Amino acid sequence: MNIHEYQAKELLAKFGVGIPAGYAALTVAEAVAGAKQLPGPLYVVKAQIHAGGRGKGKFKELGADAKGGVRLAHSLADVEAHAKEMLGNTLVTIQTGEAGKQVNRLYVTDGVDIDKEFYLSMLVDRQTSRVAIIASTEGGMNIEDVAHDSPEKITTITIDPAQGFQPHHGRAVAFALKLSGDLNKAAQLVTRQLYDAFMALDCAMLEINPLVVTKPNASGDAKLLVLDTKMSFDPNALYRHPDVEALRDESEEDPAEVEASKYDLAYIKLDGNIGCMVNGAGLAMATMDIIKLNGMFPANFLDVGGGATTEKVTAAFKLILSDPAVKGILVNIFGGIMKCDTIAEGIVAAAKDVNLSVPLVVRLEGTNVEQGKAILAASGLAIVPADDLGDAAKKIVAEVKKAA
């Protein structure tokens with residue numbers, strides 16, 4: 001699950017992380033009111049969508065010369081003008097694709113006099129089963145280019161979960177960022193604070209870009225501040241964090257994926273035209289691969305899990321058919337905990353309910369497979385049975401081509 005920047009910053013502030021003052025806004029009036037509570041005279045107006053690259057993004061409705069989704073404002077009038085242009089319009093970034101995302105929320109923050117920008121993130125490294133800290137002196141909007149062109153400028157530090165965060169981890173980050181004196185100590189502290197937040201909130205990813213050093217004030221002091229952040233969470237741990245789950249913004253998610261989550265279905269929409277319903281993530285990926293091997297493309301990833309009911313299977317089937325791009329459906333079930341007769345009952349119920357009009361190929365194997373096949377055969381529906389996965393893929397591709 002992802003959340004907005006302003007929500008992530010509010011969570012980090014509870015762990016002591018240095019965050020510039022800011023206010024979220026749903027309307028132009030709220031944006032101006034928030035700016036009035038900031039010291040000024042420089043403000044930053046930031047579009048809030050679940051995607052990176054907002055500063056380089058463009059609004060569809062405003063033409064090629066339009067400013068991006070992160071803008072400086074030198075007065076309250078500027079804040080108002082930017083808010084009017086952003087709210088309700090579609091921001092296209094490198095991460096949204098051409099469709100873009102409509103901006104429904106803004107974040108107005110206090111302007112910061114930046115001396116240096118850094119990159120700092122934490123994520124779960126599946127290869128080492130550890131939390132990995134990634135640090136770079138080259139923070140800012142071009143971090144992807146740095147990773148591609150100058151990987152030597154990126155440092156990765158892993159933390160053994162049995163030991164947890166140790167002082168030497170903080171020192172390694174401060175050294176990677178080439179900071180000294182009080183800023184070195186500040187970097188060690190903020191790294192520890194971010195790690196504490198990452199672990200306590202069951203994060204999957206926490207990205208700070210940029211982490212900045214401010215220009216010295218009249219007393220010669222500089223600060224280390226988090227200017228932008230992205231945060232995502234392990235969905236399997238959300239039951240432990242109802243306060244975090246309450247931050248979910250369903251308007252930022254694919255409607256089909258939101259519907260799938262209501263039935264505890266793992267669903268991701270893809271660009272193909274053969275719908276897939278499978279039990280088990282590995283089997284689902286193999287099913288998608290073999291569809292491509294036979295010359296067509298999957299329309300979705302859909303894992304119904306190991307303990308689905310007839311109602312859950314029916315919901316999954318309807319979800320697949322809600323995609324107008326779907327020209328055929330392949331059901332591939334290996335029954336263990338999941339029983340084949342349960343799958344068959346759900347398929348028949350859903351097919352009759354939605355008046356199935358696309359080819360359907362079903363491959364069943366495992367627990368109660370004969371009962372499942374009998375249910376499908378007695379349904380009176382035009383269901384094409386398959387003996388194995390290879391046979392199923394060939395049949396669904398042939399059926400879709402025949403119906404075209």
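Per-residue answers, yes or no, for (1) touching a helix residue (DSSP H, G or I) at 6+ places or on another chain (Cβ under 7 Å); (2) open to solvent by 20 Å² or more (accessible area, probe 1.4 Å); (3) within 15 Å of F118 (Cβ to Cβ):
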| site | (1), (2), (3) |
| --- | --- |
| F198 | no, no, no |
| N209 | yes, yes, yes |
| A222 | yes, yes, yes |
| T229 | yes, no, yes |
| D234 | no, yes, no |
| L238 | yes, no, no |
| V244 | yes, no, no |
| K262 | no, yes, no |
- [ ] Mind checking which helices (runs of 4 or more DSSP H) fall wholly inside region 288-404 and carry at least 2 residues that are under 14 Å from M277 (Cβ atoms) and among the aliphatic types (A, V, I, L, M)?
- [x] 310-321, 340-353, 389-403
Open item on the list: If a residue must be touching a Cys at 6+ places or on another chain (Cβ under 8 Å) and over 18 Å from V384 (Cα atoms), how many such residues does region 313-341 contain?
Closed with: 0
Open item on the list: Checking N184 against (1) within 30 Å of A47 (Cα to Cα); (2) crowded, with 17+ Cβ neighbours inside 10 Å; (3) not aliphatic (A, V, I, L, M): exactly one of these is not met. Which one?
Closed with: (1)
- [ ] Report the residue count in region 53-111 for those that are more than 22 Å from P41 (Cα to Cα), open to solvent by 70 Å² or more (accessible area, probe 1.4 Å) and assigned to a strand (DSSP E or B).
- [x] 2
TODO: Pull up region 141-190, narrow it to residues that are closer than 17 Å to E117 by Cα and of a type in the set (G, A, S), then point me to the one that is farthest from the chain's Cα centre (by Cα).
DONE: S180
Open item on the list: Pairs needed: first member in region 59-74, closer than 19 Å to V112 by Cβ; second member anywhere, open to solvent by less than 60 Å² (accessible area, probe 1.4 Å) and among the acidic types (D, E); C-beta distance under 9 Å; at least 6 residues apart or different chains.
Closed with: V70/D228; R71/D78; L72/D78
Task: Options G346, G336, G295; residue that is touching a residue at least 60 places away in the same chain (Cβ under 8 Å) and more than 28 Å from the chain's Cα centre (by Cα) - done: G295
- [ ] Could you list, in sequence order, all residues of region 114-127 that are surrounded by 12 or more Cβ atoms within 10 Å (Cβ to Cβ) and not hydrophobic (A, V, I, L, M, F, W, C)?
- [x] D115, K116, E117, Y119, S121, D125
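The values are calculated or read from the model by the stated rules, or taken from the named source; none is laboratory data. Quick caveat: nothing in here was measured; it's all calculated off a predicted structure. Don't worry about glycine lacking a Cβ; one is built from the backbone with ideal geometry, like all the others, and counts go over all protein chains shown. The accessibility values were calculated without ligands, DNA or RNA, using every heavy atom of the protein model including side chains. Shrake-Rupley method; radii C 1.70, N 1.55, O 1.52, S 1.80 Å.
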